[in-house]
Amino acid sequence: MSDERAADGAPRFVPLTGYRELPAEEMTRRARSFYEEMVARRTVRDFSDRPVPPAVIENCIRTAATAPSGANLQPWHFVVVTDPQIKSRIRVAAEAEEHEFYTRRAPPEWLEALAPLGTDPHKPFLEIAPCLIAVFVQRFALLPDGRRMKIYYPAESVGLASGLLIAGLHHAGLVSLTHTPSPMKFLNEILERPKNEAPFLLLVVGYPADDAVVPNISRKPFADICTFK
């Protein structure tokens with residue numbers, strides 16, 4: 001490969017480091033171990049108000065930011081909310097949208113699909129949980145001269161980062177809830193995010209309440225989700 005260099009003089013390509021090939025047996029063991037850890041993950045709606053270590057949240061977000069992204073543009077921003085007043089404002093705004101959803105916007109088949117989960121317009125966990133992570137997706141980049149730059153595959157990229165974040169939180173010993181009131185534009189105002197960002201996900205994070213329960217549901221059989229050719 002030629003010694004190509006970027007405008008700042010740095011090489012465009014560097015050797016791959018950090019990869020170490022493992023024996024097949026070790027790969028199989030690791031893959032199984034990770035599966036067994038992640039299959040225990042459940043979405044939780046009953047939270048303790050016990051604070052979580054800030055370093056845990058920070059490192060999970062650092063993990064999320066390692067996700068692949070279109071053209072390596074990394075079109076994400078994470079806002080960590082622990083301030084009770086801000087959480088209260090978010091709850092009021094979210095419940096207003098959720099009330100509209102459950103009473104006017106949602107078609108009957110959607111409400112029927114949600115019924116086994118026991119959801120409703122009331123979202124007390126937004127105040128009870130010690131931490132909210134608002135995930136924003138950059139729809140376009142703003143250059144220093146004010147011009148817009150196209151972002152490639154922004155939703156796909158932020159979706160990948162969000163998955164890593166959820167997995168990281170579970171691995172660290174916390175539980176989470178993916179909350180997506182629609183629309184979520186109120187998050188831009190409350191969290192003072194710029195116009196080129198759109199709310200993608202509101203992740204509720206913490207420890208489960210002592211009496212936490214989860215819906216009695218199951219995942220699809222493997223044969224229904226995967227085909228080998």
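The values are calculated or read from the model by the stated rules, or taken from the named source; none is laboratory data. Worth saying up front: this structure is predicted, and the values here are computed from it rather than measured. Quick reminder, even Gly has a Cβ in these numbers, built from the backbone with ideal geometry, and neighbours come from all protein chains shown. When the accessible area is computed, the model is the full protein with side chains, heavy atoms only, and any ligands, DNA or RNA have been set aside. Shrake-Rupley method; radii C 1.70, N 1.55, O 1.52, S 1.80 Å.
Points to keep in mind about this one:
- Residue check for GLY163: within 23 Å of PRO208 (Cα to Cα), surrounded by fewer than 19 Cβ atoms within 10 Å (Cβ to Cβ) and not acidic (Asp, Glu): yes
- Residues in segment 41-81 that are of a type in the set (Gly, Ala, Ser), open to solvent by 40 Å² or more (accessible area, probe 1.4 Å) and either without any contact (Cβ under 8 Å) to a residue 24 or more places away in the chain or in contact with a Pro (Cβ under 7 Å, 6 or more places away or on another chain) (or both): 1 in all.
- Of the residues screened, THR43 is not one that is over 26 Å from PRO215 (Cβ atoms) and of a type in the set (S, T, N, Q).
- In the set GLU109, GLU98, only one residue is within 27 Å of HIS77 (Cα to Cα), out of contact with any Leu (no Cβ under 8 Å at 6 or more places or on another chain) and in a helix (DSSP H, G or I); that residue is GLU98.
- Selection count, segment 181-221, where residues are loosely packed, with under 14 Cβ neighbours inside 10 Å and β-branched (Val, Ile, Thr): 2
- Scanning segment 136-155 for residues that are open to solvent by 100 Å² or more (accessible area, probe 1.4 Å), out of contact with any Ser or Thr (no Cβ under 9 Å at 6 or more places or on another chain) and part of a loop (DSSP other than H, G, I, E, B) gives ARG139, PRO144, ARG147.
- Test result for ALA155, modelled with pLDDT of 95 or more, closer than 30 Å to CYS60 by Cα and not charged (D, E, K, R): yes
- Any chance ARG139 is modelled with pLDDT under 95 and farther than 27 Å from VAL92 by Cα: no
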